[in-house]
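Take a look at the structure set out below.
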Amino acid sequence: MHMADALLSPPVAATMAAASGAAAVYSISKVRKENQSEKIPVMAVSAALVFAGQMINYTIPGTGSSGHLCGGMLLSALLGPEAGFLSMIIVLAVQCLFFADGGLMALGANIWNMAFYGCFIGTYLIWLPIMKSSLFSGMGEKAGTRAKIILASVLGCVLTLQLGAFSVVLETTASGIGELPFGAFAGLMLPIHLAIGLVEGMITAAVLCFVYETRPELIRGIRKETGSSKFSLKQVLACLGALALVTGGLFSLFASSHPDGLEWALFGNSDAGYASNMALDEENFGTQSSAADTAASIQESTSFLPDYAFKNSDSAAGTTVSGLVGCGIVAAAAIGVSAAGNFFRRKTS
């Protein structure tokens with residue numbers, strides 16, 4: 001769902017950047033009031049895992065499309081909505097600046113569409129109400145908690161991806177992209193992201209169920225006495241870190257070649273025998289502006305592994321290197337942001 005700059009007019013892009021910036025300022029103010037020292041390694045590893053997970057496009061059968069993890073629900077369940085939102089900003093900014101994934105001018109919109117809904121709406125509307133409810137109480141405490149994790153993960157991912165997909169439609173409409181009529185574009189975006197959300201929900205549930213079985217106190221909304229820690233924190237983080245590296249460095253080589261939900265809606269996949277959908281020209285679509293040209297120039301100078309590959313090379317090694325390097329950059333950035341927050345919190349105190 002990474003939007004390109006061509007899908008936004010500068011005023012809409014600026015509005016979304018302001019909205020995402022306001023949410024970031026709020027998140028920073030909330031996180032600074034907490035003691036983040038114990039959360040730093042969790043934030044680093046989980047953010048790296050989401051970065052790696054977003055490299056894996058999974059095929060949506062029968063459509064010619066694919067989807068990938070967004071990660072907002074996963075990060076918020078482990079870190080809380082504010083720290084989860086800041087982690088998602090790190091992931092999306094690293095993807096944009098160093099891998100040319102999503103437009104630089106569109107970064108604010110991408111943060112809003114892919115991070116805000118999953119972290120805040122998903123947490124407060126879906127995750128916490130379900131986890132604090134008495135649902136599945138007849139199944140026993142552990143089985144009932146697992147069932148609530150699965151239900152909250154699936155419902156949360158489905159709802160927040162629908163909101164993100166609908167926001168893309170609203171943003172392109174407000175930008176005056178005439179070749180994307182509201183009804184037709186929404187009719188493509190919402191159903192495909194429903195399927196993508198179902199798969200993401202199951203992936204999120206699998207990771208969180210593993211964490212619940214091994215270190216349940218890491219999951220927000222679960223009573224402290226629920227479950228017992230089978231692994232140490234270091235062991236759990238080592239497992240998740242290893243999964244991030246293997247996913248980014250190895251599994252990414254087997255990602256689906258089908259376009260993701262947004263690209264599929266815009267350009268179709270007629271070359272593979274599927275629908276052409278909006279049938280836009282991939283080399284010339286949307287709107288042009290000097291702001292977008294400037295953003296593209298900056299992005300070209302900062303992205304050293306564009307499209308997760310070596311420049312001017314089709315070598316598979318470029319994907320592996322991108323996955324490993326990206327995980328490292330995201331983890332380091334998360335540690336830096338968390339450490340800086342702790343430093344300024346102590347100075348303020």
- [ ] Say whether the condition of being farther than 21 Å from residue 253 by Cα and either at pLDDT 95 or above or of a type in the set (A, V, I, L, M) (or both) is met by at least one residue in region 309-325.
- [x] no
Task: Only one of 116, 98 that is in a helix (DSSP H, G or I), out of contact with any Lys or Arg (no Cβ under 7 Å at 6 or more places or on another chain), buried (at least 24 other Cβ atoms within 10 Å of the Cβ) and in contact (Cβ under 8 Å) with a residue 40 or more places away in the chain - done: 116
- [ ] Output yes when any residue across region 106-114 is touching a His at 6+ places or on another chain (Cβ under 7 Å) and polar (S, T, N, Q), and no when none is.
- [x] yes
- [ ] Tell me which residues, restricted to region 131-147, are in a helix (DSSP H, G or I) and either under 19 Å from the mean Cα position of the chain (by Cα) or touching a residue at least 40 places away in the same chain (Cβ under 8 Å) (or both).
- [x] 131, 141, 142, 145, 146
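Results for (1) surrounded by fewer than 24 Cβ atoms within 10 Å (Cβ to Cβ); (2) of a type in the set (Gly, Ala, Ser), shown as yes or no for each residue.
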| site | (1), (2) |
| --- | --- |
| 4 | yes, yes |
| 10 | yes, no |
| 18 | yes, yes |
| 21 | yes, yes |
| 30 | yes, no |
| 33 | yes, no |
| 40 | yes, no |
| 69 | no, no |
| 91 | no, no |
Open item on the list: Quick check on my filter: what residues within region 88-117 are within 19 Å of residue 333 (Cβ to Cβ) and among the small types (Gly, Ala, Ser)?
Closed with: 93, 100, 102, 108, 115
- [ ] Just one of (1) touching a helix residue (DSSP H, G or I) at 6+ places or on another chain (Cβ under 9 Å); (2) within 30 Å of residue 63 (Cβ to Cβ) trips up residue 256, so point out which.
- [x] (1)
- [ ] Check whether at least one residue in region 332-347 is in contact (Cβ under 8 Å) with a residue 40 or more places away in the chain, of a type in the set (A, V, I, L, M, F, W, C) and closer than 25 Å to residue 206 by Cβ, and report yes or no.
- [x] yes
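Quick grid of which residues meet (1) among the β-branched types (Val, Ile, Thr); (2) modelled with pLDDT of 95 or more; (3) not in a loop (DSSP other than H, G, I, E, B):
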| position | (1), (2), (3) |
| --- | --- |
| 17 | no, yes, yes |
| 26 | no, yes, yes |
| 31 | yes, no, yes |
| 37 | no, no, no |
| 45 | yes, yes, yes |
| 70 | no, yes, no |
| 75 | no, yes, yes |
- [ ] Among the residues of region 260-276, write down those that are over 15 Å from residue 193 (Cα atoms) and in contact with a Leu (Cβ under 7 Å, 6 or more places away or on another chain).
- [x] 267
Open item on the list: Can you confirm whether residue 82 is free of Cβ contacts under 8 Å to residues at least 60 places away in the same chain and surrounded by fewer than 21 Cβ atoms within 10 Å (Cβ to Cβ)?
Closed with: no
Open item on the list: Looking at region 54-90 only, could you name the residues that are within 10 Å of the chain's Cα centre (by Cα) and more than 25 Å from residue 128 (Cβ to Cβ)?
Closed with: 68
Task: Lone qualifier among 56, 130 - being closer than 24 Å to residue 310 by Cα, surrounded by fewer than 21 Cβ atoms within 10 Å (Cβ to Cβ) and aliphatic (A, V, I, L, M) - done: 56
TODO: Looking only at region 261-306, count how many residues are of a type outside the set (Gly, Ala, Ser), surrounded by fewer than 15 Cβ atoms within 10 Å (Cβ to Cβ) and modelled with pLDDT of 95 or more.
DONE: 6
Open item on the list: When the residues of region 171-190 are narrowed to those that are more than 14 Å from residue 263 (Cα to Cα) and buried (at least 16 other Cβ atoms within 10 Å of the Cβ), which ends up nearest to the chain's Cα centre (by Cα)?
Closed with: 171
Open item on the list: Restricting to region 228-245, give me the number of residues that are exposed (fewer than 14 other Cβ atoms within 10 Å of the Cβ) and not hydroxyl-bearing (Ser, Thr, Tyr).
Closed with: 5
- [ ] Mind listing whichever residues of region 47-68 are assigned to a loop (DSSP other than H, G, I, E, B) and among the hydroxyl-bearing types (Ser, Thr, Tyr)?
- [x] 63
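The values are calculated or read from the model by the stated rules, or taken from the named source; none is laboratory data. Given the structure is predicted, the values throughout are model-derived calculations rather than measurements. No Cβ is skipped: glycine too gets one built from the backbone with ideal geometry, and neighbour counts run over all protein chains shown.
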